[in-house]
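The values are calculated or read from the model by the stated rules, or taken from the named source; none is laboratory data. Bear in mind that the values here come from a model prediction, so they are computed numbers and not experimental data. Ideal geometry is used to build each Cβ from the backbone, glycine not excepted, and the neighbour counts take in all protein chains shown. Note: areas computed on protein heavy atoms with side chains; ligands, DNA, RNA excluded. Shrake-Rupley method; radii C 1.70, N 1.55, O 1.52, S 1.80 Å.
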Amino acid sequence: MSDTFALKLRTWWHRDELDEQLVHGADPESDPGLSRRAAQLRSRTTRTALAAALEDAVREARKAWSVSARMPLARAEVRASADDLMALARRLRADEPIAVNGAAMAARIVFNGNSPLYGDAPISLRYAVRAARLALDPPVVVRLELSEVA
(Lines give C-alpha, C1' and ligand atoms only; values in the text may rest on other atoms or scores of the structure.)
Protein backbone atom coordinates (compact mmCIF):
# COMPACT_ATOMS: atom_id res chain seq x y z
CA MET A 1 0.00 0.00 0.00
CA SER A 2 1.45 3.38 -0.92
CA ASP A 3 2.18 5.94 1.79
CA THR A 4 -0.20 8.43 0.14
CA PHE A 5 -3.09 5.97 0.07
CA ALA A 6 -2.39 4.94 3.66
CA LEU A 7 -2.45 8.60 4.75
CA LYS A 8 -5.74 9.18 2.91
CA LEU A 9 -7.28 6.15 4.56
CA ARG A 10 -5.96 7.04 8.01
CA THR A 11 -7.21 10.61 7.65
CA TRP A 12 -10.66 9.44 6.58
CA TRP A 13 -10.85 6.89 9.40
CA HIS A 14 -9.77 9.40 12.09
CA ARG A 15 -11.49 12.52 10.72
CA ASP A 16 -13.63 13.03 13.86
CA GLU A 17 -10.58 12.95 16.13
CA LEU A 18 -8.61 15.15 13.73
CA ASP A 19 -11.49 17.65 13.56
CA GLU A 20 -11.64 17.73 17.35
CA GLN A 21 -7.91 18.45 17.55
CA LEU A 22 -8.23 21.22 14.94
CA VAL A 23 -11.19 22.76 16.79
CA HIS A 24 -8.98 23.05 19.85
CA GLY A 25 -6.13 24.73 17.99
CA ALA A 26 -3.82 21.88 16.98
CA ASP A 27 -1.20 23.01 14.47
CA PRO A 28 -2.04 21.35 11.13
CA GLU A 29 1.65 21.26 10.24
CA SER A 30 2.50 19.18 13.31
CA ASP A 31 1.18 15.94 11.82
CA PRO A 32 0.61 14.67 8.25
CA GLY A 33 -2.94 13.55 9.12
CA LEU A 34 -3.82 16.95 10.59
CA SER A 35 -2.30 18.67 7.58
CA ARG A 36 -4.30 16.55 5.15
CA ARG A 37 -7.54 17.04 7.12
CA ALA A 38 -6.97 20.80 7.29
CA ALA A 39 -6.52 20.88 3.52
CA GLN A 40 -9.74 18.91 3.09
CA LEU A 41 -11.67 21.26 5.37
CA ARG A 42 -10.39 24.31 3.51
CA SER A 43 -11.15 22.83 0.10
CA ARG A 44 -13.97 24.22 -2.03
CA THR A 45 -15.55 20.75 -2.22
CA THR A 46 -15.79 20.30 1.55
CA ARG A 47 -16.87 23.90 2.16
CA THR A 48 -19.67 23.49 -0.38
CA ALA A 49 -20.73 20.15 1.11
CA LEU A 50 -20.88 21.61 4.62
CA ALA A 51 -22.87 24.63 3.42
CA ALA A 52 -25.30 22.39 1.53
CA ALA A 53 -25.80 20.18 4.59
CA LEU A 54 -26.61 23.22 6.73
CA GLU A 55 -29.04 24.56 4.12
CA ASP A 56 -30.65 21.13 3.80
CA ALA A 57 -31.10 20.96 7.57
CA VAL A 58 -32.95 24.29 7.57
CA ARG A 59 -35.19 23.19 4.66
CA GLU A 60 -35.87 19.84 6.31
CA ALA A 61 -36.70 21.41 9.68
CA ARG A 62 -39.24 23.74 8.05
CA LYS A 63 -41.23 20.84 6.57
CA ALA A 64 -44.39 19.76 8.35
CA TRP A 65 -43.14 16.16 8.41
CA SER A 66 -40.44 14.13 6.80
CA VAL A 67 -39.32 10.57 6.27
CA SER A 68 -35.58 10.33 5.98
CA ALA A 69 -32.86 7.78 6.58
CA ARG A 70 -30.53 10.39 7.99
CA MET A 71 -30.27 11.31 11.64
CA PRO A 72 -33.32 13.11 12.99
CA LEU A 73 -32.83 16.84 13.37
CA ALA A 74 -33.54 18.91 16.45
CA ARG A 75 -36.22 20.55 14.32
CA ALA A 76 -37.35 23.28 16.72
CA GLU A 77 -33.76 24.26 17.50
CA VAL A 78 -32.88 24.28 13.78
CA ARG A 79 -35.87 26.49 12.98
CA ALA A 80 -34.95 28.86 15.82
CA SER A 81 -31.35 29.05 14.57
CA ALA A 82 -32.15 29.16 10.85
CA ASP A 83 -30.70 32.64 10.27
CA ASP A 84 -27.44 31.70 11.97
CA LEU A 85 -27.23 28.40 10.07
CA MET A 86 -27.74 30.21 6.77
CA ALA A 87 -25.10 32.83 7.70
CA LEU A 88 -22.63 30.02 8.41
CA ALA A 89 -23.50 28.39 5.08
CA ARG A 90 -22.99 31.69 3.22
CA ARG A 91 -19.59 32.20 4.86
CA LEU A 92 -18.52 28.67 3.93
CA ARG A 93 -19.52 29.35 0.30
CA ALA A 94 -17.70 32.71 0.19
CA ASP A 95 -14.42 33.02 -1.68
CA GLU A 96 -12.44 34.44 1.26
CA PRO A 97 -10.01 32.14 3.08
CA ILE A 98 -11.22 30.45 6.25
CA ALA A 99 -9.52 29.43 9.48
CA VAL A 100 -9.30 25.67 9.80
CA ASN A 101 -10.60 25.55 13.39
CA GLY A 102 -13.85 27.22 12.25
CA ALA A 103 -14.19 24.74 9.38
CA ALA A 104 -13.60 21.88 11.82
CA MET A 105 -16.30 23.32 14.10
CA ALA A 106 -18.72 23.42 11.17
CA ALA A 107 -17.83 19.84 10.25
CA ARG A 108 -18.47 18.71 13.83
CA ILE A 109 -21.90 20.39 13.74
CA VAL A 110 -22.83 18.62 10.51
CA PHE A 111 -21.19 15.20 10.90
CA ASN A 112 -21.13 14.49 14.64
CA GLY A 113 -24.22 12.66 15.87
CA ASN A 114 -23.84 14.31 19.28
CA SER A 115 -24.06 17.77 17.73
CA PRO A 116 -26.84 20.12 18.83
CA LEU A 117 -28.07 19.92 15.22
CA TYR A 118 -29.42 16.46 16.05
CA GLY A 119 -30.56 16.66 19.65
CA ASP A 120 -29.57 17.30 23.21
CA ALA A 121 -26.05 18.57 23.53
CA PRO A 122 -24.16 20.42 26.25
CA ILE A 123 -24.38 23.65 24.23
CA SER A 124 -27.17 25.17 22.17
CA LEU A 125 -27.22 24.96 18.40
CA ARG A 126 -27.26 28.75 18.15
CA TYR A 127 -24.10 28.99 20.27
CA ALA A 128 -22.29 26.26 18.30
CA VAL A 129 -23.19 27.81 14.95
CA ARG A 130 -22.27 31.35 15.97
CA ALA A 131 -18.96 30.14 17.43
CA ALA A 132 -18.16 28.30 14.19
CA ARG A 133 -19.12 31.33 12.11
CA LEU A 134 -16.87 33.64 14.11
CA ALA A 135 -14.00 31.12 14.10
CA LEU A 136 -14.03 30.90 10.30
CA ASP A 137 -12.49 34.34 10.01
CA PRO A 138 -8.73 34.09 10.50
CA PRO A 139 -7.44 36.42 13.20
CA VAL A 140 -5.72 39.54 11.99
CA VAL A 141 -2.22 39.86 13.35
CA VAL A 142 -0.82 43.35 13.42
CA ARG A 143 2.85 43.77 14.17
CA LEU A 144 3.64 46.89 16.11
CA GLU A 145 7.03 48.34 16.61
CA LEU A 146 7.91 48.98 20.23
CA SER A 147 8.17 52.70 19.45
CA GLU A 148 4.52 52.70 18.28
CA VAL A 149 3.26 51.34 21.61
CA ALA A 150 4.84 53.98 23.85
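Just to be sure, is D31 of a type in the set (D, E, K, R) and at pLDDT below 95? Criteria met by D31.
Report, by residue number, each residue of segment 91-101 that is under 11 Å from the mean Cα position of the chain (by Cα) and either on the phi > 0 side of the Ramachandran plot or in a loop (DSSP other than H, G, I, E, B) (or both). Answer for segment 91-101, where residues must be under 11 Å from the mean Cα position of the chain (by Cα) and either on the phi > 0 side of the Ramachandran plot or in a loop (DSSP other than H, G, I, E, B) (or both): I98, A99. Among residues that are of a type in the set (V, I, T), without any contact (Cβ under 8 Å) to a residue 40 or more places away in the chain and closer than 17 Å to R130 by Cα, V58 is included. Any chance you could count how many residues in segment 102-150 are closer than 19 Å to Q21 by Cβ and part of a helix (DSSP H, G or I)? Of the residues in that region, 14 qualify. Scanning segment 27-76 for residues being outside any helix (DSSP H, G or I) and either of a type in the set (K, R) or open to solvent by less than 30 Å² (accessible area, probe 1.4 Å) (or both) gives a total of 4. Show the residue pairs meeting these rules: Cβ distance below 6 Å; 6+ apart or different chains; first residue within segment 87-116 and open to solvent by 40 Å² or more (accessible area, probe 1.4 Å); second residue acidic (D, E) and part of a helix (DSSP H, G or I). Correct list of pairs: R108/D19.
Just to be sure, is E145 exposed (fewer than 15 other Cβ atoms within 10 Å of the Cβ) and under 21 Å from P28 (Cβ atoms)? Walk me through it before giving the result.
On the way: exposed (fewer than 15 other Cβ atoms within 10 Å of the Cβ): yes; under 21 Å from P28 (Cβ atoms): no.
In short, no.
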